[in-house]
Amino acid sequence: MAAIHLENLVKHFGGFSAIKQMDLEIRDKEFMALLGPSGCGKSTTMNIIAGMESPSSGRVLFDGVDVSQTPMGKRGVGFVFQNYAIFTHMTVRQNLAYGLKMRRLPKAEIDKAVAKVAQLLQLEPYLDRPAAKLSVNILQRLAIGRSAAVNPSIFLLDEPLSNVDAAFRAVMRTELKHLQREFGQTMVYVTHDQLEAMTMADRIAVMDHGLLQQVGSPLDVYNNPCNTFVARFLGAPGMNLIAGAVVEENGKLSVDCGPAGRSGTLAAPLAAGVRKAGAKDVHFGIRPEDLEFAAEGGAGLVMQVVFVERIGPRAILHLTAGDRNAKIVAENLAAVKTGERLRLSPRAGRIRLFDAGSGRAILEA
């Protein structure tokens with residue numbers, strides 16, 4: 001068992017609050033990603049889990065046992081840093097075996113563990129090469145392997161792929177997930193890269209300014225952001241948030257988005273949620289991939305194309321209507337030109353509304 005509970009966690013550095021307050025449960029054998037922009041507190045959170053930092057208040061519990069004051073070396077965690085931290089004067093084999101030798105394990109057991117990790121991380125061709133002569137990509141793979149070899153029950157990774165090239169990042173995302181499943185570890189992964197979090201994690205904990213914003217499965221957090229920060233931060237591009245006001249006509253609700261026009265009638269569950277919340281001024285939220293071209297004269301927003309960003313098989317259309325802006329993801333073959341006016345209709349059930357004052361999501365009733 002290796003469940004982690006961060007209970008009422010707070011961390012101050014002088015007058016700066018790196019973590020203002022956090023309660024987070026990380027389940028046994030779960031892959032949890034701590035996701036957020038630089039300075040949000042995610043690395044500080046990981047350092048506290050590892051024992052490299054002590055909380056200003058609150059507790060860290062492993063399987064219900066308080067380890068807040070337990071030294072890092074006695075917590076049974078593996079840690080992979082952004083800057084590799086491997087022994088360049090040793091061979092790959094010696095690096096992989098280092099932690100096992102420190103535990104004074106039998107040579108046969110060490111050789112077996114090294115061989116298993118080398119195979120999983122495709123390090124077999126490099127086993128007898130000096131680490132100093134390896135590429136950046138292989139160095140990071142080695143750093144992960146050295147920590148994995150001792151089979152810690154909790155594996156912490158602090159932005160381990162930020163220094164490697166894009167193609168290698170794609171490979172390592174698959175290998176890290178496979179590694180975690182193979183060893184059955186509880187893995188906590190710090191990243192600012194939403195693609196890493198979305199593709200690898202069982203759940204994502206989104207952080208901003210020292211506060212936990214939302215915790216959930218990748219799809220739930222993406223499809224149902226709890227506030228405008230999460231809505232904007234997740235997605236490439238992020239969710240469109242168009243300022244508007246709720247209007248009622250003949251007992252039906254819609255959103256007036258000013259110069260962009262009026263949305264179609266809100267679905268009954270969302271309309272009921274708006275009434276329950278008493279919402280008036282809102283942000284009309286819709287993912288760029290959930291906007292479709294609509295026929296002239298139909299319901300939907302009308303906006304002008306100001307820029308077409310063509311990226312491989314898709315195009316991102318940048319739109320404006322007065323002071324309202326939005327983006328839509330379309331096929332690259334779409335015959336759309338700069339200056340063209342488009343009528344856009346959200347896909348059914350994909351509209352999300354947020355209170356303009358608090359930024360919080362308005363939930364369906």
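Both radii were evaluated on the Cα set of the chain; the Rg over Rh quotient, with Rh as the Kirkwood radius, amounts to 1.07. Using a simple spin-label model with pseudo-atoms 7 Å out from Cα toward Cβ, GLU182 and ARG310 lie 4.3 nm apart. Counting only Cβ charges, +1 for Lys and Arg and -1 for Asp and Glu, the dipole size of the range 172-297 around its Cα centre is about 320 debye. In the range 166-267, a dipole from Cβ-located charges (positive for Lys and Arg, negative for Asp and Glu) runs towards its positive end, and of HIS178, PHE229, TYR189 it is HIS178 whose Cα lies farthest in that direction.
I need to check one value: relative contact order of the range 1-129, counting alpha carbon pairs closer than 8 Å and at least 6 residues apart, in percent.
Details: 152 pairs, mean separation 26.8, N = 129.
It comes to 21 percent, rounded to a whole number.
Helical content of the chain, expressed as a calculated mean residue ellipticity at 222 nm, amounts to -8000 deg cm²/dmol (DSSP H runs of 4 or more residues, -39,500 (n - 2.57) each, divided by residue number, nearest 500).
Excluding VAL80 itself, calculate the net charge of residues whose Cβ lies under 9 Å from the Cβ of VAL80, where each Lys or Arg counts +1 and each Asp or Glu counts -1.
Details: positive: ARG146; negative: ASP158.
Residues close to VAL80 contribute a combined charge of 0.
In units of the rule-of-thumb radius 2.2 N^0.38 Å, the range 232-362 shows an alpha carbon radius of gyration of 1.04.
Kirkwood Rh, Cα Rg: Rg to Rh for the range 154-205?
Numbers: Rg = 10.4 Å, Rh = 11.3 Å.
That ratio equals 0.92.
Positive contributions from Lys and Arg (+1) and negative ones from Asp and Glu (-1), summed over other residues with Cβ under 12 Å from the Cβ of PHE307, come out at +1. Please state, as a whole number in µm²/s, the translational diffusion coefficient that the Stokes-Einstein equation yields for the range 1-79 at 20 °C and 1.002 mPa s, with Rh defined as the Kirkwood radius across alpha carbon pairs. The Stokes-Einstein estimate is 168 µm²/s. Computed over the range 165-290, relative contact order equals 16 percent, with contacts defined as Cα pairs under 8 Å that lie 6+ residues apart.
Within 13 Å, Cβ to Cβ, of LEU211, how many net charges do the neighbouring residues add up to if Lys/Arg are +1 and Asp/Glu are -1?
Numbers: positive: LYS11, LYS20, LYS42; negative: ASP23, ASP208.
That works out to +1.
Peptides 312-323, 48-59 ranked from most to least packed, by the mean per-residue count of other Cβ atoms within 10 Å: 48-59, 312-323. Evaluate the relative contact order of the chain (contact order divided by residue number), counting alpha-carbon pairs under 8 angstrom at least 6 apart; express in whole percent. Relative contact order, the chain: 15 percent.
What's log10 of I(q)/I(0) for the range 99-193 at q = 0.13, 0.21 Å⁻¹, Debye sum over Cα points only, no solvent? The Cα Debye sum returns log10 ratios of -0.45, -1.17.
Just to be sure I understand: of the beta bridges DSSP finds with both ends in the chain, what percent are antiparallel, rounded to 5?
On the way: 62 of 81 bridges.
DSSP beta bridges in the chain are roughly 75 percent antiparallel.
Taken together, the values in this text are just the output of simple stated rules run on the coordinates, not laboratory data. These figures come from a predicted structure and were not determined experimentally. Cβ atoms come from the backbone with ideal geometry, glycine included; neighbour counts cover every protein chain shown.
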